[in-house]
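The values are calculated or read from the model by the stated rules, or taken from the named source; none is laboratory data. Treat the numbers as computed from the prediction; the structure is a model and nothing was measured. Here the Cβ positions follow ideal geometry from the backbone for every residue, glycine too, while neighbour counts run over all protein chains shown. To get the accessible areas, we keep the full protein, side chains included, count just its heavy atoms, and leave off ligands, DNA and RNA. Shrake-Rupley method; radii C 1.70, N 1.55, O 1.52, S 1.80 Å.
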Amino acid sequence: MDVGNAVYLAAYLGAGLAIGISSLGAGVGEGFIAGNASYAIMRQPKARDVLLRNMLIGQAITETGAIFSLVIAMLLMFGGMINSEGGWQTVASLFGAGLAIGAGTVGAAFGNGYTGGEAVKGMGRNPKESKLLTANMLIGQALSQTSSIFALVIAMLLLYSTPAGNNLVKSLAFVGASFAIGFGTFGPGFGIGIVAGKTVEGISKFPKQSALLVRTMFVGAAVSESTSIYSLVVAFLLIFVA
Amino acid sequence: MGSEIIRAAALLGAGICMGFGAIGPGVGEGFAAGKACEGIARSPENAGLLTRTMLVGQAVSESTGIYSLVIALLLIFAV
C-alpha cells in the first residue's frame, strides 16, 4: 500500500471512529437524562415545564462531545487534510485525531448524562430547589467536560501541527498520543460525572448543605481529574518530544 | 531498522499504557468522591472525617494511575 492510498484510508477510518465511538457516550448519557426526566414528571406532573427545560439543557451539554467529534470528522473528510505529501506521519496523525476525539468524549458524555439525570431526578423530588439544582448541574457538567476538551486540543494539534515526514518512530508516537488522551480521559470524565451527580442528589435531599457539598465536589473532582492531566502530559510528550 | 521498530513500539506502548491506565483511577476516584458527597449530605457533622477518608481512598486508587505514568515515562525516555 502506498502513502497516497493510506492517507485516504486513515482520514475516512478516523472520521468513522470519531463519530462512531463518541455517539455511544452521547446516546447513553442523553437517554439517562430523558429516562429520569420521565420518572420525575410522573412524580411531579405540575413541575413538567421546569423538568422538560432542565432535561433539554442537560442534554444539550451532553451533546457537546459528539459535536466536537462531528467537527473533527468533517475536517478529516472535507477539510483538505487528505494530502499524500505529508507522508506516513500525516497518515498516523489523521487516524490519531479521529481516535483521540472519538474515544476522548465518551467518558465526559457518560458523566454529563449521569449528572443531568440526577439533577432532573432531584427536581422531581424537590421542585422548589430547581434553580439551585440547575446551577450545580451546570458546574458539575463543566468540570466533567474538561476531559473532552483535552481530547479536542490533542485532536486539533494532531490535525494541524504535526510535522510531515516518513519517520516510523514519530508516526507511532502520534498514534500513541491519541491512545493516551482518547482512553485516558474516559475515567476522569465519567468519575467527575459521578461526583457531580451524587452532589446534585445530596443538594436535592438536603438543600441547606449545598455549600459544603459543592466544596467537597470540587476537591473530589480535582483529584479525579489528575489522571486525565497525566494523559495530557504523556500525549504532549509523545507529540512534541519523542 | 531493528532499533527503530523497538523505539516506535515503545512510544505506541507508552500511549496505550497511559490511556487505559487512566480509566480505572478516574472512575474509581470519582466514585469515592460521589459516595463521600452522599455521606456528607446525610450527616454534615462528619464532613471532616468523610473528606479525610475520601482523600485516603483516592490516594490509594490513584496509585495505579501513577504506575501507568511512570511506565509511560520510562517507555518514552528510557527505552
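Checked across segment B:43-56, the condition of being at the interface with chain A (Cβ under 7 Å from one of its Cβ atoms), more than 20 Å from A:Ser226 (Cα to Cα) and not hydroxyl-bearing (Ser, Thr, Tyr) holds for at least one residue. Per the conditions (1) open to solvent by 10 Å² or more (accessible area, probe 1.4 Å); (2) under 29 Å from A:Gly102 (Cβ atoms); (3) more than 10 Å from chain B (Cβ to nearest Cβ), the sole criterion not satisfied by A:Leu172 is (3).
Counting only helices (runs of 4 or more DSSP H) that sit wholly inside segment A:33-151, those with at least 2 residues that are closer than 21 Å to A:Phe186 by Cα and touching a Phe, Trp or Tyr at 6+ places or on another chain (Cβ under 7 Å) are A:87-104, A:106-125. Picking from residues in segment A:183-198 that are open to solvent by 20 Å² or more (accessible area, probe 1.4 Å) and within 16 Å of A:Leu138 (Cα to Cα), the one that is farthest from the other protein chains (Cβ to nearest Cβ) is A:Phe190. Considering (1) touching a helix residue (DSSP H, G or I) at 6+ places or on another chain (Cβ under 7 Å); (2) surrounded by fewer than 21 Cβ atoms within 10 Å (Cβ to Cβ), say which one A:Tyr114 fails and leave the rest. Result: A:Tyr114 passes all but (2). For segment B:46-59, the criterion of a residue being without any contact (Cβ under 8 Å) to a residue 60 or more places away in the chain, open to solvent by 80 Å² or more (accessible area, probe 1.4 Å) and not in a helix (DSSP H, G or I) is satisfied by no position. Taking every residue in segment A:68-91 that is more than 17 Å from A:Phe174 (Cβ to Cβ) and pairing it with any residue that is outside any helix (DSSP H, G or I) and open to solvent by less than 20 Å² (accessible area, probe 1.4 Å), at least 6 positions away or on another chain, the pairs with Cβ-Cβ distances below 9 Å are A:Phe68/A:Thr105; A:Ser69/A:Thr105.
A single member of B:Gly65, B:Gly24 is under 12 Å from the mean Cα position of the chain (by Cα), open to solvent by 30 Å² or more (accessible area, probe 1.4 Å), in contact (Cβ under 8 Å) with a residue 24 or more places away in the chain and facing chain A (nearest Cβ under 7 Å), and it is B:Gly24. Among residues of segment A:202-224 being surrounded by fewer than 24 Cβ atoms within 10 Å (Cβ to Cβ) and more than 8 Å from chain B (Cβ to nearest Cβ), the one that is nearest to the chain's Cα centre (by Cα) is A:Ala222.
Identify the residue in segment A:22-40 that is open to solvent by 50 Å² or more (accessible area, probe 1.4 Å) and in contact with a helix residue (DSSP H, G or I) (Cβ under 7 Å, 6 or more places away or on another chain) and, among all such residues, is nearest to A:Leu159 (Cα to Cα). Among residues in segment A:22-40 that are open to solvent by 50 Å² or more (accessible area, probe 1.4 Å) and in contact with a helix residue (DSSP H, G or I) (Cβ under 7 Å, 6 or more places away or on another chain), the one nearest to A:Leu159 (Cα to Cα) is A:Ser23.
Per this entry, A:Arg43 is not counted among residues that are in contact with a helix residue (DSSP H, G or I) (Cβ under 8 Å, 6 or more places away or on another chain), without any contact (Cβ under 8 Å) to a residue 12 or more places away in the chain and basic (Lys, Arg).
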